[in-house]
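Trainee: The structure follows.
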Amino acid sequence: MKNVKKTLALIIAAVMVLASFTGCGGNGGGDKESKEAKANETLIFAQGAEPRGLDPALVDDAESGKVIFVIYEGLLKYASDSTKVEPSLAKSWDVSPDGLSYTFYLQEGVKFHDGTDFNAEAVKFNIDRQIPPLVTEDMAYGSFVYGSVKDVEVVDDYTVKINLTAPNTAFLANLAMVMAAPMVSPKALTDNNNNVNEAPVGTGPYKFVSWAKDENIVLERNEDYWGTKALTKNVIFKFIKDNSARVVALNNGEADMIDGIDATVVDQITGAGNEIFKAGGMNINYMAYNT
């Protein structure tokens, strides 16, 4: 089960909102320039199911991960085309010779969407809520990401030290996952009784606006983002359960991007002037051992 969970999270993080077989609006239903201009204002992404929630500590499904990925950030992240670990909210880190202590040096001047500061105290707060004695049974990935954590020390405002009970060679990779590892505003967690499934507050390039159940989630660009600002002003995650209905929505211009398609609808998509994007899979779907 743990390996399955890890694979799922790695796939989400690596491809962001794109599945390995994704349709994208091209020339169909209007000229390319007008579509690009519209997408720069609002990008509509249609997916097959509604997220279970938007608190990275409390969900474990791929549909939630697609939205979580652009609202939150973790200390580390994966490279855009691999699982190589790169800096994110932590700009650098040191590992003790015995492998039991990881010291992270944090980005300065970063704020959560609610205007509160991201700092070492925020990192400690996020990890502490997912390890004993505060961890709860509904935190599906807490034990996987932080199961080897003994405690967290605030060295100074922008330096945090994480001590382990035993060496863990996967620890850095786990901190780049889209579940459990992203940093949530401590104020938002306190204000919402430790559950921000419907009131997400991160540091990412997009901020939460609204969630119309069974319809869509609306995000807006974080104009105060500490990194490179997003190109598109608004992003709407639209929920269309039926695969064929998502294709129709793409071809009619009701969606700019869709995922969850199969080979049988490729001609229908490309015939309407839209494009198919393919990427190599990062997972092993099934493995068996003959013993």
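Readers should treat all values here as calculations from the given coordinates under stated rules, not as data from a laboratory. All of these numbers come straight from a predicted model, not from anything done at the bench. Here Cβ is always computed from backbone atoms with ideal geometry, including for glycine, and neighbour counts include all displayed protein chains.
Trainee: Quick check on region 147-206: of everything there that is assigned to a loop (DSSP other than H, G, I, E, B) and hydroxyl-bearing (Ser, Thr, Tyr), which residue is farthest from the chain's Cα centre (by Cα)?
Mentor: Thr165
Trainee: For Val110, all conditions in the list (1) within 16 Å of the chain's Cα centre (by Cα); (2) within 20 Å of Asp224 (Cα to Cα) hold save one; what is the number of the exception?
Mentor: (1)
Trainee: Report, by residue number, each residue of region 235-277 that is of a type in the set (S, T, N, Q) and more than 14 Å from Gln47 (Cα to Cα). Explain how you work it out, then say what you get.
Mentor: Restricting attention to region 235-277, the residues satisfying the condition of being of a type in the set (S, T, N, Q) are 243-244, 251-252, 264, 268, 270, 274.
The answer is Asn251, Asn252, Thr264, Gln268, Thr270, Asn274.
Trainee: Right, another one. Within region 217-274, count every residue that is assigned to a loop (DSSP other than H, G, I, E, B) and either out of contact with any His (no Cβ under 9 Å at 6 or more places or on another chain) or surrounded by fewer than 16 Cβ atoms within 10 Å (Cβ to Cβ) (or both).
Mentor: Total meeting the criteria: 26.
Trainee: While we're on this one: Test Asn252 against the stated conditions and say whether it is free of Cβ contacts under 8 Å to residues at least 40 places away in the same chain and out of contact with any strand residue (DSSP E or B) (no Cβ under 9 Å at 6 or more places or on another chain).
Mentor: Answer is no for this residue.
Trainee: Only one of these is surrounded by 15 or more Cβ atoms within 10 Å (Cβ to Cβ) and either in contact with a Pro (Cβ under 9 Å, 6 or more places away or on another chain) or within 28 Å of Met282 (Cα to Cα) (or both): Leu164, Leu106, Leu89. Name it.
Mentor: The conditions single out Leu89.
Trainee: Still on this structure, I have one more. Restricting attention to region 120-146, and to residues there that are in a loop (DSSP other than H, G, I, E, B) and surrounded by 21 or more Cβ atoms within 10 Å (Cβ to Cβ), which single residue is farthest from the chain's Cα centre (by Cα)?
Mentor: Gln130
Trainee: Next up: If I filter region 46-59 for residues that are surrounded by 22 or more Cβ atoms within 10 Å (Cβ to Cβ) and of a type in the set (Lys, Arg), do I get at least one hit?
Mentor: Within region 46-59, not a single residue is surrounded by 22 or more Cβ atoms within 10 Å (Cβ to Cβ) and of a type in the set (Lys, Arg).
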